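The values are calculated or read from the model by the stated rules, or taken from the named source; none is laboratory data. Source: prediction; values computed, not measured. When we count neighbours, we look across all protein chains shown, and the Cβ atoms used for this are built from the backbone with ideal geometry, even at glycine.
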Amino acid sequence: MNVRALMLPGRRLWPQKVRTRLTLIYATLFFTAGLVLLALTYGLVAGSLPAQPPAATRILSSQQLNFLNRDCKPPTRAEKGKPPSPAFKSHVAECKQLGAAYEAGANSGSLAQRQRALADLLAFSLAGLAVMTVVSGGLGWFMSGRVLRPVRVITETARRASEENLGERLALTGAKDELKELADTFDDMLERLDGAFAAQRRFVANASHELRTPLTVMRTAIDVTLAKPSATPRQLTDMAVRVRHSIDRAESMVEALLTLAVSDQGMRSTEFTDLATGAEDALDAAAPDIERLNLSVDAKLDPAETAGDPQLLERMISNLVGNAVRHNEPGGWIRLRTGSRDAAVYLEIANSGPVVPDHAVPELFEPFRRIKARTGAGDGVGLGLSIARSVLTAHHATVTASSQPDGGLHISVVIPRPEDLAAESQR
């Protein structure tokens, strides 16, 4: 037998709306509490009334009651010393009989009154409980609607939200309860989604533009060369060089985009890495450009061991060094420092170059953001610093950048180290 089939009828009987379920729960709890209170009250009242008397045989008439009150009196002192006569004995027996009948009648009336009082108490209490249960259900319906109003607002806002409409916010006011916290969390989620979708659209647009540029250059070079009646070998060679240069640029762009996508997903592996080694390798890789621009390098590379993804950290360091070389000026300088302090390692790099406005420094970490004073230097794709920031975010690190009065940038990176590695360095 299918158990789910047996459970389906009960599920269909149970209301689907939360407001209806809360109303039924409120009414049921009130009805149950009322029954318990009614039972306790009924028991206390029944216990306080006289117990059940013995069965009564008859009830006195008015003449017998008058006789009992007038003639059935206790004997006087003079009569106590005399021997009782037969008439007196008969009189005493009749008085006792009438007294017993009176007591039985009184007990019978008390029992009837007790039963009538308990019956009235039960009837009126049940009627009142039924009425108040209906009233509590109505109040529960009203109050549950008031309590669930923020939930309805959240639901309606979530239904209206889409990729094109994420600017609406709940901005729920009132006491800081669980629903207010839920609404604030929902607003924060919409804020993050709005920012993420805006960044995605901006990134896709910029990537499309940047990838279209080398393709346009290649197509133009090929079309111009093929349009000539008789292209010379030199012209064909120049076309091939331009096409190769555009291919290299597009390849660099694709590789940078892939690295950025990987770093946005977090660390794929965790290994002990020394930032000093990565910085030394990055300087060796940039040596031809450093020599071409006649740059002076001041490097003090102290050990800076941390745990992270080696490939991402190496790419981050390479991007920072490449950025310092590419956006420098002939005869300029580069200063590079690595080391450790407290429970973190650091990498600091500074370079000469064009003056960067303070307000424009944060924009350099956005994808494809360049400053006019820096775009003419080198063949960068505008992703170096954004990739570096993404890698550092994956490693829970912080990066700060500031412009220098004489031109160029100063970038500082601080990466927290694991507890075991930090304790070992302190020993």
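Tell me, yes or no, whether region 292-312 has at least one residue that is more than 16 Å from residue 412 (Cβ to Cβ), surrounded by fewer than 19 Cβ atoms within 10 Å (Cβ to Cβ) and basic (Lys, Arg).
Yes, the conditions are met somewhere in region 292-312.
Looking at the structure I just gave you, is residue 183 closer than 30 Å to residue 153 by Cα, of a type in the set (Gly, Ala, Ser) and surrounded by 15 or more Cβ atoms within 10 Å (Cβ to Cβ)?
Numbers: closer than 30 Å to residue 153 by Cα: yes; of a type in the set (Gly, Ala, Ser): yes; surrounded by 15 or more Cβ atoms within 10 Å (Cβ to Cβ): yes.
Here the answer is yes, as residue 183 does meet what is asked.
Only one residue in 133, 155, 185 is out of contact with any Gly (no Cβ under 9 Å at 6 or more places or on another chain), among the polar types (S, T, N, Q), assigned to a helix (DSSP H, G or I) and under 30 Å from residue 28 (Cα atoms), so which one is that?
Numbers: 133 fails: out of contact with any Gly (no Cβ under 9 Å at 6 or more places or on another chain); 185 fails: under 30 Å from residue 28 (Cα atoms).
Of 133, 155, 185, the one residue that is out of contact with any Gly (no Cβ under 9 Å at 6 or more places or on another chain), among the polar types (S, T, N, Q), assigned to a helix (DSSP H, G or I) and under 30 Å from residue 28 (Cα atoms) is 155.
Please enumerate the residues belonging to region 257-305 that are modelled with pLDDT of 75 or more and among the charged types (D, E, K, R).
Looking only at region 257-305, we keep the residues that are modelled with pLDDT of 75 or more, and these are 270-305.
Answer for region 257-305, where residues must be modelled with pLDDT of 75 or more and among the charged types (D, E, K, R): 271, 274, 280, 281, 284, 289, 291, 292, 298, 300, 302, 305.
Look at residue 128 and say whether it is in the same structural domain as residue 39 (by TED's automatic domain parsing), closer than 18 Å to residue 19 by Cβ, among the small types (Gly, Ala, Ser) and surrounded by fewer than 16 Cβ atoms within 10 Å (Cβ to Cβ). Steps first, please.
Values: in the same structural domain as residue 39 (by TED's automatic domain parsing): yes; closer than 18 Å to residue 19 by Cβ: no; among the small types (Gly, Ala, Ser): yes; surrounded by fewer than 16 Cβ atoms within 10 Å (Cβ to Cβ): yes.
So residue 128 does not fit the description; no.
Can you give me the number of residues within region 325-340 that are farther than 26 Å from residue 272 by Cα, crowded, with 20+ Cβ neighbours inside 10 Å and among the hydrophobic types (A, V, I, L, M, F, W, C)? Walk me through how you get there before you give the answer.
Pass one, region 325-340, residues farther than 26 Å from residue 272 by Cα: 325-334.
Next, from what is left, pick out any that are crowded, with 20+ Cβ neighbours inside 10 Å: 325, 327-328, 334.
This time we only want the ones that are among the hydrophobic types (A, V, I, L, M, F, W, C), so: 325, 334.
Of the residues in that region, 2 qualify.
What are the residues in region 341-354 that are exposed (fewer than 15 other Cβ atoms within 10 Å of the Cβ) and either at pLDDT 85 or above or part of a strand (DSSP E or B) (or both), if any? Give the derivation first.
Restricting attention to region 341-354, the residues satisfying the condition of being exposed (fewer than 15 other Cβ atoms within 10 Å of the Cβ) are 341-343.
Listed by number, the list holds a single entry, 341.
State which residue pairs qualify: first residue free of Cβ contacts under 8 Å to residues at least 60 places away in the same chain and inside region 179-202, second residue surrounded by 13 or more Cβ atoms within 10 Å (Cβ to Cβ) and assigned to a helix (DSSP H, G or I) in any location, beta carbons under 6 Å apart, and separation of 6 or more residues or different chains.
That search, which allows pairs on different chains as well, returns 179/150; 183/150; 186/154.
For the subset of region 279-289 comprising residues that are closer than 27 Å to residue 340 by Cα and not small (Gly, Ala, Ser), which member is farthest from the chain's Cα centre (by Cα)? Can you show your working first?
Just the residues of region 279-289 that are closer than 27 Å to residue 340 by Cα, to begin with: 279-287.
Add one more test, that the residue is not small (Gly, Ala, Ser), and what stays is 280-281, 283-284.
Working: 280: 44, 281: 43, 283: 45, 284: 47 Å.
For region 279-289, the residue satisfying everything is 284.
Quick check: is even one residue across region 189-210 hydroxyl-bearing (Ser, Thr, Tyr), within 30 Å of residue 258 (Cβ to Cβ) and assigned by TED's automatic domain parsing to the domain that holds residue 250? Break it down stepwise before answering.
Start the filter on region 189-210 by keeping residues that are hydroxyl-bearing (Ser, Thr, Tyr), which leaves 208.
Of the ones still in play, those that are also within 30 Å of residue 258 (Cβ to Cβ) are 208.
From what's left, assigned by TED's automatic domain parsing to the domain that holds residue 250: 208.
Among the residues of region 189-210, at least one is hydroxyl-bearing (Ser, Thr, Tyr), within 30 Å of residue 258 (Cβ to Cβ) and assigned by TED's automatic domain parsing to the domain that holds residue 250, which makes the answer yes.
Surrounded by 12 or more Cβ atoms within 10 Å (Cβ to Cβ), assigned by TED's automatic domain parsing to the domain that holds residue 27 and touching a residue at least 24 places away in the same chain (Cβ under 8 Å): does that describe residue 139?
Working: surrounded by 12 or more Cβ atoms within 10 Å (Cβ to Cβ): yes; assigned by TED's automatic domain parsing to the domain that holds residue 27: yes; touching a residue at least 24 places away in the same chain (Cβ under 8 Å): yes.
Criteria met by residue 139.
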